Amino acid sequence: MGSTGTVLRELRGAQKSAKGVSLYSRYVNRPAGRFLAAGAYRVGLTPDQVTLVSALFTYSALAAVALVEPSWTLAIVVYAALVVGFAFDSADGQLARLTGRGGPAGEWLDHVVDCGKLVLVHTAVLISFYRFGELPSEGWLLLPLGFQLAAVVTFCAGLLREQLGKAAAAAQTAAEQPATVTASAAPVSRARAVALLPADYGVFCLVFLLLGAPGAFRAGYAVLAVVHTLFLAAFLAKWFRELRALRPG
């Protein structure tokens, strides 16, 4: 591949399906990740190195949330770093597909970084509440713990749904049975992409722009916690039905 334009064209052809993806990830994060992947390719970075760059931006921002007193300056810096980290999180997979250098180790590293991010983001908010927040009551300290539970269970349950679905598909293929777990060719639903916006990590990052106003941040964070908990309940019911339908015989 030669020019950056050529690399970008190749990356556009190496995109994952838009099914089950919110508008933010489809029209903001993935395109941003595509440009970062092209830049990473041009300077010779590997997908694993891009994953570590993503972790550096994200984890540094979350450490700042925990250690620095909230202010509008902190809000802008944290939000910018989280957005860049999220874009690099998209870039590593795109670079792996472009170069053919992906594999189990790289996927494992990406998931480890993502899992750490989900734990750390709510831990950082909890520490910030405890150190700097003039909370109406100590009960607010339970909010990040509940949000963390919802986020981690959603992440782990989604991964298990994906892996168990693949295993069932492989078993059916080996047994030469009609495939029943392959993805539908139906067009991507715009309404679904809009409905998934509140559950998108990129949209969640917007709440950190309110760090300069602690009361507004608490309110926005609480609303998102409720929304993510409702999404968790819906996802668990959906994934359970799908996996139950994959029973042999």
| task | Just name the residue that is modelled with the lowest pLDDT out of those in segment 161-188 that are under 25 Å from Trp108 (Cα atoms) and surrounded by fewer than 12 Cβ atoms within 10 Å (Cβ to Cβ). | result | Ala183
| note | Matching residues in segment 118-170 (free of Cβ contacts under 8 Å to residues at least 24 places away in the same chain and charged (D, E, K, R)) number 3
| Regarding Leu230, is this residue open to solvent by 60 Å² or more (accessible area, probe 1.4 Å) and either at pLDDT 95 or above or among the small types (Gly, Ala, Ser) (or both)? | yes
| Mind checking whether some residue in segment 191-204 is modelled with pLDDT under 95, surrounded by fewer than 12 Cβ atoms within 10 Å (Cβ to Cβ) and out of contact with any Ser or Thr (no Cβ under 8 Å at 6 or more places or on another chain)? | yes
| note | Selection from segment 92-115 of residues part of a helix (DSSP H, G or I) and touching a Gly at 6+ places or on another chain (Cβ under 8 Å) yields Asp92, Gly93, Gln94, Ala96, Asp110
| Residues of segment 40-53 that turn out to be open to solvent by 10 Å² or more (accessible area, probe 1.4 Å), of a type outside the set (A, V, I, L, M, F, W, C) and touching a residue at least 24 places away in the same chain (Cβ under 8 Å), as a count | 5
| request: Only residues that are closer than 17 Å to Tyr201 by Cα and open to solvent by less than 30 Å² (accessible area, probe 1.4 Å): list them for segment 54-86, please. | output: Ser54, Ala55, Thr58, Ala61, Leu62, Val65, Ala75, Val78, Ala81, Leu82, Gly85, Phe86
| said: Suppose we keep only residues that are of a type in the set (D, E, K, R) and under 15 Å from the mean Cα position of the chain (by Cα) within segment 92-120. Which one would you say is surrounded by the fewest Cβ atoms within 10 Å (Cβ to Cβ)? | reply: Glu107
| query | Taking only pairs six or more apart or across chains, which ones have beta-carbon atoms under 6 Å, a first residue in segment 76-91 that is under 14 Å from Leu36 (Cα atoms), and a second residue that is open to solvent by 20 Å² or more (accessible area, probe 1.4 Å) and small (Gly, Ala, Ser)? | reply | Ala87/Ala32
| Would you call Asp89 in a helix (DSSP H, G or I), acidic (Asp, Glu), under 27 Å from Gly212 (Cβ atoms) and open to solvent by less than 50 Å² (accessible area, probe 1.4 Å)? | yes
| request: Within segment 211-225, track down each residue that is open to solvent by less than 60 Å² (accessible area, probe 1.4 Å) and either part of a helix (DSSP H, G or I) or at pLDDT below 70 (or both). | output: Gly215, Ala216, Phe217, Arg218, Ala219, Gly220, Tyr221, Ala222, Leu224, Ala225
| How many of the residues making up segment 191-249 are farther than 17 Å from Gln148 by Cβ and either among the aliphatic types (A, V, I, L, M) or touching a residue at least 60 places away in the same chain (Cβ under 8 Å) (or both)? | 27
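The values are calculated or read from the model by the stated rules, or taken from the named source; none is laboratory data. Just so we're clear, the structure is a prediction, and the values are computed from it rather than from any experiment. Glycine also receives a Cβ, built like all others from the backbone with ideal geometry; neighbour counts cover every protein chain displayed. Only protein heavy atoms, including side chains, enter the accessible area calculation; ligands, DNA and RNA are left aside. Shrake-Rupley method; radii C 1.70, N 1.55, O 1.52, S 1.80 Å.
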